[in-house]
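Please treat every number below as a calculation from the coordinates, not as lab data. From a predicted model like this one, the values you see are computed outputs, not experimental measurements. FYI the Cβ positions are ideal-geometry reconstructions off the backbone, even for glycines, and counts take in every protein chain you see.
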Amino acid sequence: MENILYSIVRHQKTVLFTFLTATVICAFLSTLVFVNYNIVDYLPKDAQSTTAINIIKDEFEGEFPNARVMITNVSIIEALEYKEKISAIDGVTSVSWLDDVIGLDTLKSTPIEFLDTSIVNNYYSDNTALMTLSIESGKETGAVNAIYELIDENNAAAGEAVNAARMQAMAVSEVLNAMAILLPIIIVILILSTTSWIEPLLFLTTIGVAVIINMGTNIIYGEISFITQTVSPILQIAVSMDYAIFLLHSFNEYRNSHEPQKAMVLAIKQSLPTVAASAATTVVGFTALIFMRFTIGADLGVSLLKGVTLSFISVMVFLPVITLMSYKAIDKTRHKKLMPDFKKAGNLLMKLRIPFLILVLIVLIPCFLGQANVEFLYGTSKIANASRVGRDTLFIKEKFGEENVLVLLVPKESPGKEKELCDALSKIPHVTNVVSFVTAIGTEIPREFVPEDAVNQFYSENYSRIIIYTDTEEEGEKTFNTVEAVINTAAEYYDTHYLAGQSAALYDMKNIISADNVIVSLIAVIGIFIVLLVTFRSLFIPLISIFTIETAIWINLSIPYFTGNALSFVGYLIINTVQLGATVDYSILFTNNYLNNRKTLPKKDAMRITIEDNLAAILTSACILATAGFALAYTSSNPIISDLGMLLGRGTLLSLTMVSFVLPALLVLFDRRNKRGQALAN
């Protein structure tokens, strides 16, 4: 081991060149990584809504409708002209309007007042036309921008594709905005916690290099989700900055009695077990995400797992090199320690430990039950309500009402059976219209006498397509009850049936995520328990540590329930693993130092000194991680990212509180020191 470490510090130019070259290459590669903004794509391949979409793509013409455009103050002829122009936009694969329902010739030759108003009013009302579009995945931004340019500010566009375009437009800017807030605050925190003006720059350079390499190496996956693109770099910075702080702090201590290269080798040897244990708990938390069936977890988990590993390597290899190259500058820029010594904090926290423990025990059960009953948001319909997207959505809803389209696929069998199903579907609450071959054409006319284009709208080689219009929102209890009723009704008539549509996908997402949450949480807890078991060789200490952080998680996740706010499911799912993996380090550091102090001191004195010696380090780490979370929360207009950031920021502060107040109480309360001087771990 020592030979390897000396090899690193002796070949400084080689190490520097290697890392800088990799950084430049990966910075370029990161621009080539495709970012997927469609969260539905991460459903399992065997989800019924995913199967339905694949059948539609394979057997029917045109893609599933994912946008609506409303044109005001137009005649029938002008609306048809707009339809033609919209159809010509790159990325728009189909545009459906009134002429597709009643026929173009009929629409042009028949006065509008003589047409069936129950049909017409869904597409044209008070000189306002409402068209349904299909926009190709990956081309949302260009297509929506072109549509905006065509229809100007007086008209409206809404739907899943428009939401995706908005997310694409704001994703990069929001990462930059979050970084603009995060980095200056981190620099201030690092300046307060170090004794040189140069050291914070070394920390940021080291972790920054690891972040860029991580983002560039995502090219091996072909694509990443927008959640990973936004969250991964900020989380990587926040959870791995400690590694650099540990190493450089150790190096400064050894500098007092050793020449620089020897001091760095000793510092790496001393820091390696601590940093490895810290990284291991974080890695276990991120690894748990990989086991989600909803693969957004695996997408983020793999990227963060790789990121933490790269940060660990960068700290252990790259940081020693740039530190040795700049140690003279570090010495010249020394300043007085600016961080308070917290000498009085030990006595204060020791006095408050029992009241805080009692308070936690009182709120524990209500918070556990509350976090289990939080209302979730699964889609992106709430995005950017203050922007044009939200305004347009409301504009269309006021003019034409709520419309949510589902597409049911059943085997192509007898028209009579299909007619019975359509009649049953039309009786379901919130179903406003059911359109199929048998409702639009009838059961009496043989298919061979119907124009082929009309038949192909409803029949493929194997399936019949039934379009169901509802007046529900994209998601919610009423929506999911309607989806479930459609599925159950179809099951009464056909053994095989598939339901497509955004609400159908979100319904699948809801059911899959409920199971994922249990699995991921268990894997994270068991994995971290094993790491703590190996680290402390005690069964009791892992239980105390996990209880401390899990309680903070339950309190954190219960707040939306008690405040009556819905929560993005991604934030709920990910914070279970991220908060546990990233903040259990505080518990490890506290417990390890307490055990060392306990060898020579009574338990209360040992805890008081532990608090005084370690509170500053924990506070520094927690402030960085909390700042990262709040930066995401306050710079993102995407509720998924914003909720995750708020949970991370608030959860970190709660973990800090639990470790500072409650963990000392538990360690002292359950200390089982015997006459032979054995510590709690034994």
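Residues whose amide H falls under 5 Å from that of N433, counting only those 5 or more places apart or on a different chain, are Y469, with hydrogens built in the peptide plane. Restriction of the trypsin sites (Lys or Arg not before Pro) in the range 631-673 to DSSP coil positions whose beta-carbon has at most 14 other beta-carbons within 10 angstrom yields R672.
Pairs exceeding 23 Å between alpha-carbon atoms, taken from K399/K427; K57/K478; K85/K139; K269/K604: K399/K427; K57/K478; K269/K604. Computed from label points 7 Å out along Cα-Cβ, the spacing between K397 and E253 is 5.8 nm. Take the Cα of L352, step 7 Å along the line toward its Cβ, and report every residue of the range 616-639 whose backbone nitrogen sits under 15 Å from that point. Label zone hits: 616, 619.
Calculated from DSSP H runs of 4 or more alone, at -39500 (n - 2.57) each and per residue, what is the 222 nm mean residue ellipticity of the chain, nearest 500? The partial results should precede the final answer.
Working: 26 runs with 452 residues, N = 682.
Roughly -22500 deg cm²/dmol at 222 nm, from the helical runs in the chain.
Quick one: plug the Kirkwood hydrodynamic radius of the chain (C-alpha pairs) into Stokes-Einstein at 25 °C, 0.890 mPa s, and report D in µm²/s. Rounded, D is 87 µm²/s. The Stokes-Einstein estimate for the range 402-506, based on a Kirkwood radius over Cα pairs and taken at 10 °C with 1.306 mPa s viscosity, is a diffusion coefficient of 114 µm²/s. The chymotrypsin sites (Phe, Trp or Tyr not before Pro) found in the range 477-549 include none that occupy coil by DSSP while having at most 12 further C-beta atoms within 10 Å. Short-range pairs are left out: with C-alpha atoms under 8 Å and at least six residues apart, the relative contact order of the range 59-164 is 47 percent. With R₀ set to 60 Å, the beta-carbon distance separating I530 from D152 gives a calculated FRET efficiency near 0.50. Karplus-based coupling profile of the range 352-358, in residue order and whole Hz: 8, 5, 6, x, 5, 4, 4, with θ = phi - 60° in 6.51 cos²θ - 1.76 cosθ + 1.60 and x standing for Gly or Pro.
Distances between placed amide hydrogens fall under 5 Å for S464 paired with V410, K412, all partners being 5 or more residues away or on another chain. About its Cα centre, the chain has a charge dipole of approximately 5820 debye under the convention of +1 per Lys or Arg Cβ and -1 per Asp or Glu Cβ, with nothing else charged.
Computed from Cα atoms, the angle from the helix 76-87 axis to the main principal axis of the chain rounds to 40 degrees. Here the label points at V518 and D341, each 7 Å from Cα along the C-beta direction, are separated by 5.4 nm in the simple model.
Compute the FRET efficiency between E420 and D471 as 1/(1 + (r/R0)^6), taking r as their Cβ-Cβ distance and R0 = 30 Å, and round to the nearest 0.05. E(calc), rounded to 0.05, equals 0.80. Restricting the range 263-366 to chymotrypsin sites (Phe, Trp or Tyr not before Pro) that sit in a DSSP loop and have at most 16 other Cβ atoms within 10 Å of their own Cβ leaves F291, F342.
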